[in-house]
Amino acid sequence: MSRTEIEIASQPECWQRAVALARRPDSPSAASLPRPGERVAVVGCGTSWFIAQAYAALRESGGHGETDAFPASEMPAGRAYDRVVALTRSGTTTEVLQLLRRLRGHTPTTAVTAVPRSPVTGPADAVVLLDFADETSVVQTRFASTELVFLRAHLGEDLGHLPRQGRSAVDEPLPARVLDAEQFTFLGQSWAYGIAQEAAMKMREAAGAWTEAYPVMEYRHGPISVTGPGRVAWWFGDPAALPAGLADDIAHTGGQLVALGRDPLSDLVMVQRLAVALASARGMDPDNPRHLTRSVILA
């Protein structure tokens, strides 16, 4: 079993710990996160940017305050925020460190990371450490999902069902015929669009797969043209919430619709497993993906 597979399978236990940590009344980690009503920007790179998108959508739609998400390299200069939250597994990503140094003394910042005493602990005003979810793999799986579980629990979501769903996603067979598909389009709405983007990233990173991701209502505005026999459209959400007529539209193309109906993070576990299975079938090593390192550190 690869390191990546071991880390994927460990997610439900990590989620349980994250919920407990967020709910502790004396948790210094939770106290470092945005307060209700604050205007917040959330930044990250790669996977962390997609998790930032999901958290921003959840926070704002939940009435906790205006929340934007940016790649760390693209946050607008001069825009006023009460707090900036930086997501960085390794704490070494160059663009995140540069942004935090730029904001130092002007805007309060909180970094969420997996590594104690990493470089991000210097320029960040506060640090949330989730070291129990750190991983050795290049491809992020359990840290990213655990980070979002922690942030969701801090927003007050009842996530008691999630570890159980996660264990089912680890143990159940993959959906029929997906291992034979040549192309995947991942669809989400609201915060699940960030999860759809992350799913596509996992498939590209681990298996070099042809994947795309879209907000579900944008799919018919062009992207559906790529769907057809031997290709998959994967919906992150309740099948009953799929826009009216879209299942029929996908069937008309000859493509396969996958709609498992669990929490999008649980469905993401299935996609992570699919990415590893595809990598193995293609003779690739998911622990050592092409052209990638654990962290991007620029000269």
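Solvent-accessible area assigned to carbon and sulfur over the chain amounts to 52 percent, based on a 1.4 Å probe. Amide H to amide H distances under 5 Å link residue 213 with 186, where only residues 5 or more positions off or on other chains count and H is placed in the peptide plane. The value of relative contact order for the chain, using C-alpha pairs under 8 Å at least six residues apart, is 20 percent.
Evaluate the charge dipole of the chain about its Cα centre and quote only its size in Debye, nearest 20, assuming +1 on the Cβ of each Lys and Arg and -1 on the Cβ of each Asp and Glu. Intermediate results must be reported in sequence, preceding the final value.
Details: 28 positive and 33 negative charges, 125 e Å.
Here the size comes out at about 600 debye.
Ordering 91, 72, 277 by Cα displacement along the dipole of the chain toward the positive end leaves 91 in first place; charges were set at the Cβ atoms of Lys, Arg (+1) and Asp, Glu (-1).
Protection proxy ranking for 258-266, 233-241, using the average of other Cβ atoms within 10 Å per residue and placing the highest first: 258-266, 233-241.
Each residue of region 192-206 was assigned a 3J(HN,Hα) from its phi angle through the Karplus curve 6.51 cos²θ - 1.76 cosθ + 1.60 (θ = phi - 60°); the sequence is 6, 5, x, 5, 4, 4, 5, 4, 4, 4, 4, 5, 5, 5, 7 Hz, with glycine and proline shown as x.
Estimated purely from DSSP H runs of n ≥ 4, each contributing -39500 (n - 2.57), the mean residue ellipticity at 222 nm for the chain is -11500 deg cm²/dmol once divided by its residues. Excluding ligands, DNA and RNA, the accessible surface per residue across region 184-258 is 38 Å² with a 1.4 Å probe.
Inverting the pair-averaged 1/r between distinct Cα atoms of the chain gives 19.5 Å as its Kirkwood hydrodynamic radius.
With θ taken as phi - 60° and the Karplus curve 6.51 cos²θ - 1.76 cosθ + 1.60 applied, the whole-hertz 3J(HN,Hα) list for region 47-61 is 3, 5, 5, 5, 5, 4, 4, 5, 5, 4, 5, 5, 5, 6, 5 Hz, x standing for glycine and proline. Here the peptides 117-123, 145-151 are ranked by packing, the mean other Cβ count within 10 Å, and the order with the highest first is 145-151, 117-123.
Shown are 82, 26, whose ranking by accessible area with a 1.4 Å probe and every protein chain present, most to least, is 26, 82. Electrostatic bookkeeping for residue 260 treats Lys and Arg as +1 and Asp and Glu as -1; over the other residues with beta carbon under 11 Å from its beta carbon, the sum is -3.
What does the charge count near residue 126 come to, summing +1 for each Lys or Arg and -1 for each Asp or Glu among other residues with Cβ under 14 Å from its Cβ? Walk me through the numbers before you get to the answer.
Working: positive: 35, 83, 104; negative: 38, 82, 125.
The answer is 0.
Magnitude of the charge dipole for region 3-153, about its Cα centre and with charges confined to Cβ atoms of Lys, Arg (+1) and Asp, Glu (-1), is about 280 debye.
Computed log10 I(q)/I(0) for region 108-147 at 0.26, 0.29, 0.33 Å⁻¹: -0.87, -0.98, -1.10, from the Debye equation with unit scatterers placed on every C-alpha and solvent omitted. Our coupling estimate for region 158-166, obtained by passing each phi through the Karplus curve with A = 6.51, B = -1.76, C = 1.60 and θ = phi - 60°, is 7, 10, x, 7, 5, x, 5, 4, x Hz, Gly and Pro reported as x. Highest mean first, the peptides 218-230, 201-213 sorted by other C-beta atoms within 10 Å per residue fall in the order 201-213, 218-230.
The values are calculated or read from the model by the stated rules, or taken from the named source; none is laboratory data. Since we're looking at a predicted model, the values are computed, not measured. With ideal geometry, Cβ positions are generated from the backbone for all residues, glycine too; neighbour counts draw on all protein chains shown. Calculation scope for accessible area: heavy atoms of the full protein, side chains included, ligands and nucleic acids excluded. Shrake-Rupley method; radii C 1.70, N 1.55, O 1.52, S 1.80 Å.
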